[in-house]
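I have placed the structure first, in the form of structure tokens, so that the comments after it can refer back to it.
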Amino acid sequence: MNDRIVTVPGNDWAKPASAQALVPELEAGKVLYFPELRFELLNGEAALLRDDIRSPKSRNISLRADGQIAGAAAADTDEERRLAAMISRFRIQACALIDGLAPSYKPALRLAPTSFRPSQVASRVQSWRADDRRLHVDAFPSRPNHGERILRVFTNLNPAGEPRVWRVGESFEAIAQRFVPRAKPYAAWQARALRALRVTKSLRSEYDHLMLQLHDGMKGDLDYQQHSPQVTMPFPAGSTWVCYSDQASHAVMAGQFMMEQTLHLQPQAQVDPQASPLAILERQLGRRLT
Ligand code: SIN
Ligand code: FE
């Protein structure tokens, strides 16, 4: 199981070591772990690392692609501006890291909001479906993506040196073998109704349906949670990691203060499109899913 995490030396965000060799690992659903890639705080930014800088109504603070900040409860506009500047600096570094790792992705990448997560994970109270302490692959009920990839860069900036503790699970192929046979069948009329009721932002394809079934199937199976192949990985403060979170099975058990950048990519723009969850599921089922 230890091969699900690939450690990459080097402390330059823009020049990851042996980048070429890492793309196949990333596209195989592994987690690339950069122990020496630290997000440096500038003067005064340590004061932004507190739980109550997040609005109690939001789960995270996010910086949208257009530069607008959401979910913050900063003391004043100056503090909000400094918060936006800090998150934006992480966005630039995260994008440089992906550009260095996979230069061929660049023209195809679509930037999603950047998030700052200042709350302690271990004590969060949530429904089982929203509980990211259970192993899962990312899939979002209201946002069908028709196979588009979810590539994420994470950095732990905990000032007290606390790790962000993840569990990393088995391969996507193994998850699909186990949970696709248990999935409820797709119903196109239901997808149209969800769209009409605006429960979903676009039509939920069979791919989106299956990904949600995998997400819920994994999270809802306590025996699977405890006994399936997995490793616990405490990502130290001052480290960074990257994965396709729609493919790499993950759970977050503890930690506070993390930044996360999401980038979207059409599977056709991968170095190996056949490695995508869409291709894996289509091969398994023998039909188109979007
Ligand atoms: C997740 O994507 O499941 C959460 C990851 C984290 O907050 O560390
Ligand atoms: Fe997740």
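The values are calculated or read from the model by the stated rules, or taken from the named source; none is laboratory data. A quick note: this is a predicted structure, and the numbers were derived from the prediction, not measured. Cβ coordinates were reconstructed from backbone atoms using ideal geometry, including for glycine residues, and neighbour counts include every protein chain displayed. We work out accessible area using only protein heavy atoms, side chains counted, and drop any ligands, DNA or RNA first. Shrake-Rupley method; radii C 1.70, N 1.55, O 1.52, S 1.80 Å.
Residues in the chain average 45 Å² of solvent-accessible surface per residue, probe 1.4 Å, ligands and nucleic acids excluded.
Model label sites at Arg287 and Val199, defined 7 Å from Cα along the beta-carbon direction, differ in position by 2.2 nm.
Under the simplified labelling scheme, the His227-Asn11 pair shows an inter-label distance of 4.6 nm, with each label point 7 Å from Cα along Cα→Cβ. When the chain is treated as a GNM with alpha-carbon contacts under 10 Å, the residue of Leu210, Leu222, Leu263 showing the greatest mean-square fluctuation is Leu222. Distance distribution P(r), the range 12-59, all Cα-Cα pairs, bin width 5 angstrom from 0: 4, 14, 16, 13, 12, 12, 15, 11, 1 percent. In this Cβ point-charge picture (+1 for Lys and Arg, -1 for Asp and Glu), the chain has a dipole of about 940 debye about its Cα centre.
Around the amide H of Ile150, modelled in the peptide plane, lie the amide H atoms of Ser245, Asp246, all under 5 Å away and 5 or more residues distant in sequence or on another chain.
Amide H contacts of Met253: Val165, Trp166, Arg167, each under 5 Å away and 5 or more positions distant or on a separate chain (H built 1.01 Å from N in the peptide plane; Pro and chain starts excluded).
Phi angles across the range 163-176 convert, under the Karplus curve 6.51 cos²θ - 1.76 cosθ + 1.60 with θ = phi - 60°, into 3J(HN,Hα) values of x, 9, 8, 10, 10, 10, x, 6, 5, 4, 4, 5, 5, 5 Hz, Gly and Pro given as x.
With R₀ set to 25 Å, the beta-carbon distance separating Ala160 from Ala130 gives a calculated FRET efficiency near 0.40. Report, as a whole number in µm² per second, the diffusion coefficient that Stokes-Einstein gives for the range 156-290 at 25 °C and 0.890 mPa s using the Kirkwood radius over alpha carbon pairs. It diffuses with D of about 145 µm²/s by this estimate. One Cα centroid belongs to the range 151-191, the other to the range 11-83; the line between them spans 20 Å. Extension gain, Ala187 to Gln268, is 26.5 nm, computed as 0.36 nm per intervening residue step minus the present C-alpha separation.
When each of the peptides 30-43, 187-200 is scored by the mean number of other C-beta atoms lying within 10 Å of its residues, the order from highest to lowest reads 30-43, 187-200. Calculation over all alpha carbon pairs of the range 54-150 in 5 angstrom steps from 0 returns a P(r) of 2, 10, 16, 19, 20, 17, 11, 4, 0 percent. For the chain, the relative contact order is 31 percent, taking Cα pairs closer than 8 Å that sit 6 or more residues apart in sequence and dividing their mean separation by the residue count.
Report summary: the helix-based calculation at 222 nm, which adds -39500 (n - 2.57) for every DSSP H run with n ≥ 4 and divides by the residues of the chain, gives -8500 deg cm²/dmol.
Full extension of the chain between Asp52 and Ala70 gives 5.1 nm of extra length, using 0.36 nm per residue less the Cα-Cα distance.
Residues in the range 110-127 carry Karplus couplings, in order, of 10, 7, 9, x, 9, 10, 10, 10, x, 9, 5, 6, 4, 9, 5, 9, 8, 5 Hz; the curve used is 6.51 cos²θ - 1.76 cosθ + 1.60 with θ = phi - 60°, and Gly or Pro positions show x. Between Asp78 and Asp99, the FRET efficiency estimated from the beta carbon spacing at R0 = 45 angstrom works out to 0.90. Looking at the chain, send over the antiparallel percent of its DSSP beta bridges, to the nearest 5. Around 95 percent antiparallel, to the nearest 5.
Phi-derived couplings, Karplus 6.51 cos²θ - 1.76 cosθ + 1.60 at θ = phi - 60°, listed residue by residue for the range 254-265: 6, x, 8, 6, 9, 10, 9, 10, 9, 10, 9, 8 Hz, with x used for Gly and Pro. What a 1.4 Å probe finds exposed on the chain is 53% carbon and sulfur by accessible area, rounded to a whole percent. Compared with the alpha-carbon gap, the fully stretched path from Ala108 to Glu36 is longer by 23.1 nm at 0.36 nm per residue.
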